[in-house]
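The values are calculated or read from the model by the stated rules, or taken from the named source; none is laboratory data. Here the structure is a predicted model, which means the values were calculated and not measured. Every residue, glycine among them, receives a Cβ derived from its backbone with ideal geometry; neighbour counts consider all protein chains shown. For the accessible areas, the whole protein counts, side chains as well, though only heavy atoms, and no ligand, DNA or RNA atoms are used. Shrake-Rupley method; radii C 1.70, N 1.55, O 1.52, S 1.80 Å.
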Amino acid sequence: MGIFKKITAGLKKTRDSIVGTFDSMVKSFTKIDEDFFEELEEILIMGDVGASTSAKICEELRRRVKKEGVTDPQQIRELLQEVIAEMLEGGEGLRASTKPSVIMVIGVNGVGKTTTIGKLAANLKADGKKVLLSAADTFRAAAIDQLQIWADRAGADMVRHEEGSDPAAVVFDSLSAAKSRGVDVVICDTAGRLHNKKHLMDELSKINRIIKRECPDCDLEVLLVLDATTGQNAVEQARQFMNVADITGIVLTKLDGTAKGGIVISIRESLGLPVKYIGVGEQIDDLQPFDAREFARALFDTNSD
Ligand SMILES: Nc1nc2c(ncn2[C@@H]2O[C@H](COP(=O)(O)OP(=O)(O)OP(=O)(O)O)[C@@H](O)[C@H]2O)c(=O)[nH]1
Ligand SMILES: [Mg+2]
């Protein structure tokens with residue numbers, strides 16, 4: 001399956017919910033009036049775009065409708081796609097140009113961190129990069145073994161310690177190994193951590209300190225993984241993490257299993273954080289670099305059903 005096909009397939013539920021409802025709503029209107037915008041705002045909110053972001057989208061649409069003199073509700077579709085694409089744009093690319101570069105992957109339990117790391121490693125390998133995985137989720141032995149399976153699948157090196165060992169020490173060893181082996185990208189797995197667990201947050205800052213000390217000039221991405229199926233809760237989770245970590249981007253997983261894909265817009269707009277990757281399935285090739293225009297196009301694409 002081509003990349004665009006994969007994204008459109010992964011977004012099917014969201015598209016049905018937002019654009020499907022939008023299309024039938026448009027048919028019931030003969031002119032664009034305040035009722036039209038009110039109904040549109042409702043649809044966006046129902047599609048997990050979030051109240052303030054939905055209001056912003058409608059405000060921008062009103063402006064363009066006026067400016068461009070649009071009178072036919074059918075024409076709104078294109079304008080809406082355009083407004084959403086523009087809102088989503090900016091900062092999507094992964095910064096990983098130094099050798100080594102470091103990617104720290106954080107997020108609460110079960111959101112898809114380890115799986116994302118495996119997929120990301122495979123992506124980077126396909127780009128010809130040498131990748132090393134750092135098993136800094138030492139909380140459970142199973143977590144280390146799970147990462148090892150992904151490392152093997154992706155053809156990446158891995159540095160691991162025993163269960164229960166200090167995660168910062170794993171990262172320290174990973175960075176030393178990366179330097180001596182000429183690795184391009186080090187990706188650090190971390191334990192699923194909760195904002196109210198102080199020791200876990202301390203652990204996160206300790207890992208961060210080690211990276212800053214051992215690799216001061218390296219490109220560092222701190223990617224927060226969020227599970228799209230949790231809808232607006234994911235936005236709240238991101239807010240909590242922003243208080244304790246310098247997040248550089250979001251990976252939004254499990255878009256394939258939900259109609260709540262509208263939160264992509266909410267995250268970008270209300271938190272100002274770029275979405276860098278989206279997960280649209282459980283297989284190794286199911287992680288896609290986020291492309292704002294492509295995402296908006298996939299959201300409105302009805303030819304693929
Ligand atoms: N459908 C779907 N499932 C996904 C996606 N990403 C991850 N998963 C699944 O989500 C589940 C949890 O993934 P993990 O990678 O183990 O999550 P984690 O954040 O590392 O979890 P902990 O280590 O327990 O904190 C697994 O069953 C994955 O296969 C995705 O994009 N789509
Ligand atoms: Mg994990």
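Note on segment 285-303: residues that are buried (at least 22 other Cβ atoms within 10 Å of the Cβ) and small (Gly, Ala, Ser) amount to 2. Screening the candidates GLY10, GLY112, GLY93 for the property of being among the small types (Gly, Ala, Ser), assigned by TED's automatic domain parsing to the domain that holds ALA154 and under 17 Å from the mean Cα position of the chain (by Cα) yields one hit, GLY112.
This table checks each residue for (1) outside any loop (DSSP other than H, G, I, E, B); (2) over 16 Å from GLU38 (Cα atoms); (3) in the same structural domain as VAL19 (by TED's automatic domain parsing).
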position: LYS56; (1), (2), (3): yes, no, yes
position: GLU59; (1), (2), (3): yes, no, yes
position: ARG63; (1), (2), (3): yes, no, yes
position: GLN74; (1), (2), (3): yes, yes, yes
position: GLN81; (1), (2), (3): yes, yes, yes
position: ILE84; (1), (2), (3): yes, yes, yes
position: VAL105; (1), (2), (3): yes, yes, no
position: VAL108; (1), (2), (3): no, yes, no
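Checked against the criterion of being open to solvent by less than 10 Å² (accessible area, probe 1.4 Å) and within 22 Å of GLY110 (Cα to Cα), the candidates ALA141, ALA135 yield just one match: ALA135. What do you reckon, is VAL186 more than 13 Å from ligand 2 (Cβ to nearest atom), open to solvent by less than 30 Å² (accessible area, probe 1.4 Å), in the same structural domain as ALA245 (by TED's automatic domain parsing) and under 30 Å from ARG239 (Cβ atoms)? It is true that VAL186 is more than 13 Å from ligand 2 (Cβ to nearest atom), open to solvent by less than 30 Å² (accessible area, probe 1.4 Å), in the same structural domain as ALA245 (by TED's automatic domain parsing) and under 30 Å from ARG239 (Cβ atoms). Of all residues in segment 6-19, those satisfying the criterion of being within 10 Å of ALA298 (Cβ to Cβ), in a helix (DSSP H, G or I) and within 16 Å of ligand 1 (Cβ to nearest atom) are LYS6, ILE7, THR8, ALA9, GLY10, LYS12, THR14.
How many of the residues making up segment 43-62 are more than 19 Å from VAL26 (Cα to Cα) and open to solvent by 30 Å² or more (accessible area, probe 1.4 Å)? Qualifying residue count for the region: 3. Within segment 189-217, if we keep just the residues that are among the aliphatic types (A, V, I, L, M) and open to solvent by 10 Å² or more (accessible area, probe 1.4 Å), the residue that is nearest to LEU94 (Cα to Cα) turns out to be ILE210. Confirm whether GLU92 is open to solvent by 50 Å² or more (accessible area, probe 1.4 Å) and more than 15 Å from ligand 1 (Cβ to nearest atom). No: the conditions fail for GLU92. Can you say whether VAL108 is within 22 Å of SER205 (Cβ to Cβ), modelled with pLDDT under 95, open to solvent by less than 50 Å² (accessible area, probe 1.4 Å) and not hydroxyl-bearing (Ser, Thr, Tyr), as far as the supplied structure shows? Yes; evaluated as a whole, the condition is true for this residue.
Could you please let me know if GLN75 is under 30 Å from ILE284 (Cα atoms), surrounded by fewer than 23 Cβ atoms within 10 Å (Cβ to Cβ) and without any contact (Cβ under 8 Å) to a residue 40 or more places away in the chain? Considered against the rule, which asks whether it is under 30 Å from ILE284 (Cα atoms), surrounded by fewer than 23 Cβ atoms within 10 Å (Cβ to Cβ) and without any contact (Cβ under 8 Å) to a residue 40 or more places away in the chain, GLN75 comes out as no. If we scan segment 82-89, do we find a residue that is closer than 23 Å to LEU220 by Cα and of a type outside the set (Phe, Trp, Tyr)? Yes, segment 82-89 has at least one match. Scan segment 90-98 and give yes if some residue there is assigned to a helix (DSSP H, G or I) and out of contact with any strand residue (DSSP E or B) (no Cβ under 9 Å at 6 or more places or on another chain), otherwise no. No, segment 90-98 contains no residue that is assigned to a helix (DSSP H, G or I) and out of contact with any strand residue (DSSP E or B) (no Cβ under 9 Å at 6 or more places or on another chain). Please enumerate the residues belonging to segment 178-206 that are touching a helix residue (DSSP H, G or I) at 6+ places or on another chain (Cβ under 7 Å), within 15 Å of ligand 1 (Cβ to nearest atom) and in a helix (DSSP H, G or I). Within segment 178-206, just GLU203 meets the criteria. Restricting attention to segment 110-137 and to residues that are in contact with a strand residue (DSSP E or B) (Cβ under 9 Å, 6 or more places away or on another chain), over 15 Å from THR190 (Cβ atoms) and in a helix (DSSP H, G or I), the residue that is nearest to ligand 1 (Cβ to nearest atom) turns out to be LYS119.
This table checks each residue for (1) out of contact with any Pro (no Cβ under 7 Å at 6 or more places or on another chain); (2) of a type in the set (S, T, N, Q); (3) more than 13 Å from ligand 1 (Cβ to nearest atom).
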| site | (1), (2), (3) |
| --- | --- |
| ALA259 | yes, no, yes |
| ILE263 | yes, no, yes |
| ILE267 | yes, no, yes |
| SER270 | yes, yes, yes |
| VAL280 | yes, no, no |
| PRO289 | yes, no, yes |
| ALA296 | yes, no, yes |
| ASP301 | yes, no, yes |
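The sole residue among PHE29, PHE22, PHE37 that is outside any helix (DSSP H, G or I) and among the aromatic types (Phe, Trp, Tyr) is PHE29.
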